[in-house]
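Just below is one structure, and these are the notes that go with it.
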Amino acid sequence: MLETKAFAAFDPKQPLSAYTFARREPRPNDVLISIAYCGVCHSDIHQARNEWGGAKYPMVPGHEIVGRVVRVGAAVTKHKVGDTVGIGCFVDACNECDACKRGLQQYCERSIVWTYNGAEKDGTPTQGGYSTQIVAHEDYVLRVRNEGALDAVAPLLCAGITTYSPLKHWKVGKGHKLGVVGLGGLGHMAVKLGVALGADVTVLSTSESKRADATKLGAHDFLATRDDKAFKRASGRFDFLLDTVSAPHDLAAYAGLLRTDGVMILVGAPDKPAALPAFSLITRRRSIVGSLIGGIPETQEMLDFCADRAITADVEVVPVQAVNEAYERMLRSDVRYRFVLDCSSLR
Ligand code: NAP
Ligand code: ZN
């Protein structure tokens, strides 16, 4: 077994702290990755604090992992020692159901294996990227080309694919007015990707202080959602809204910003349900839809898309030991725009 240093949550209330555990030795199709960086996703907070239920402790969060291959199993063909690679939100799936066959492993109908807070097919609990190394089947390891700024690539593995996938699925691009709701980790990637796909992008934010950043990120407009008058003026303006908000909020009010046939795409996953009056949809034939990360082929496509256009995340790199402070700042919407853990701090 491989002794692995990490930071873990031990219960919903206490701060994360140091933890050492064993990872499996690589099997014939496995890759062993020395982790360089791991992004901090708001889903890590939801799960470490058991806000979605079903938390298993000790829990090593982290699903925005980049690093280098340091060992490969005898049958591995896709990766070799020295390659720069990434791992996202899942490390295995059934590979047989309709969703898996379509490359939509995130919607696996039988047995998806989440990168952490999940279980391998043999029942072993999975542990994530707030750690020094990880072992995964080669098919679930992504190739990373932007070697220059590896810390800024890590967030693509979740924030990047979670926003890229729905933009592609609903064919958001030229001629569309896209509103990105919430300018955090997902939101800032949605702005960059929406702009790259040709959409006219507006940031909708509760933080007036992020206005200048929105422009720097490429957004064409900014709407301070706490300004009631500005909010009312925007009624019926957008073709698409991509809602990345992590806390409960008034979905009906945001839906009112959609034009006829407009689509609001939920990717944010607050822990409490939202009220949704039918009139907010039926009066303009609006839709509210949802989307979960992306499959392996599309994640690779997104990484290549970003590498070709030099798109990375705006990051604040901190040692793993600073993760609790990072959580607190994210909860205050004080993130510019993704915390990334330097996993060498554990060695
Ligand atoms: P984050 O970096 O903390 O950003 C969330 C942003 O939401 C904040 O920066 C803030 O932006 C806005 N916000 C917070 N509270 C708000 C409120 N009460 N009302 C309106 N806006 C509020 O979080 P993240 O990592 O981007 O994740 C966002 C959500 O997506 C989380 O719930 C996460 O679990 C979920 N997620 C889903 C998927 C998926 O596959 N669907 C994947 C990853 C993450 P402003 O300051 O601009 O208002
Ligand atoms: Zn995530």
For ASP83, distant residues with modelled amide H under 5 Å away: VAL69
Label-point gap, in nm, between GLU208 and ASP221 - each point 7 angstrom along Cα→Cβ: 2.0
Nonlocal amide H pairs with LEU242, under 5 Å, H built at 1.01 Å: GLY179, VAL180, VAL181, ILE265
Relative pair counts by distance (%), Cα atoms of segment 231-270, 10 Å bins: 32, 54, 14
Segments 77-84, 63-70 sorted - mean Cβ within 10 Å per residue, highest first: 63-70, 77-84
Cα-centre dipole for segment 1-92 with unit charges at Cβ (Lys and Arg positive, Asp and Glu negative), debye to 20: 200
Sorted peptide list for 183-189, 53-59, criterion being average Cβ within 10 angstrom, highest first: 183-189, 53-59
Residue-by-residue Karplus 3J(HN,Hα) for segment 30-37, coefficients 6.51, -1.76, 1.60, Hz, glycine and proline x: 9, 10, 9, 10, 7, 7, 8, 9
Test item: Cα-centred dipole of segment 230-306, Lys/Arg +1 and Asp/Glu -1 on Cβ, debye: 620
Dimensions in Å of segment 54-158 - Rg and Dmax from alpha carbons: 13.8, 38
Computed label-point distance, nm, for sites ASN324 and ASP11 using a 7 Å Cα→Cβ extension: 1.4
Cβ-derived FRET efficiency at R0 41 Å, ARG332 paired with ASP122, nearest 0.05: 0.50
Segment 151-214 and segment 94-111: distance between their alpha carbon centers, rounded to Å: 27
Residues ALA230 and ALA75, FRET efficiency given R0 of 51 Å [Cβ-Cβ distance, rounded to 0.05]: 0.30
Largest-first principal axis extents, alpha carbons of the chain, Å: 60, 41, 37
For segment 160-290, radius of gyration divided by Kirkwood radius, i.e. Rg to Rh on alpha-carbons: 0.92
Segment ARG259-SER111, extension gain: residue separation times 0.36 nm, minus the distance between their alpha carbons: 49.4 nm
Note, ³J(HN,Hα) from phi for segment 206-222, Karplus 6.51, -1.76, 1.60, rounded to Hz, x at Gly and Pro: 7, 10, 3, 5, 9, 4, 5, 4, 4, 5, 4, 6, x, 5, 8, 7, 9
Hull volume in cubic angstrom per residue (convex hull over the Cα atoms of segment 199-262): 91
Surface share of carbon and sulfur [accessible, 1.4 angstrom probe, percent] for the chain: 51
Cα lying deepest toward the dipole's positive end in segment 160-290, options LEU197, ALA247, ALA275, charges on Cβ: LEU197
Segment 54-68 - phi-based ³J(HN,Hα) in whole Hz, Karplus 6.51/-1.76/1.60, Gly and Pro as x: x, 5, 10, 10, x, 10, 9, x, x, 9, 10, 9, 10, x, 10
Partner lysines for LYS232 [C-alpha distance under 19 Å; skip if fewer than 8 residues away on the same chain]: LYS177
DSSP-assigned coil residues among GluC sites (Glu not before Pro) in segment 112-219, each with at most 12 further Cβ atoms within 10 Å: GLU147
Per residue value of the accessible surface for segment 160-290 (all protein chains in place, 1.4 Å probe), Å²: 44
Selection of chymotrypsin sites (Phe, Trp or Tyr not before Pro), segment 83-143, meeting DSSP coil and at most 11 other Cβ within 10 Å: none
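The values are calculated or read from the model by the stated rules, or taken from the named source; none is laboratory data. Remember, predicted model here, so these are calculated numbers, not experimental data. Cβ sites come from the backbone with ideal geometry, for glycine too, and all protein chains shown count toward neighbours. We work out accessible area using only protein heavy atoms, side chains counted, and drop any ligands, DNA or RNA first. Shrake-Rupley method; radii C 1.70, N 1.55, O 1.52, S 1.80 Å.
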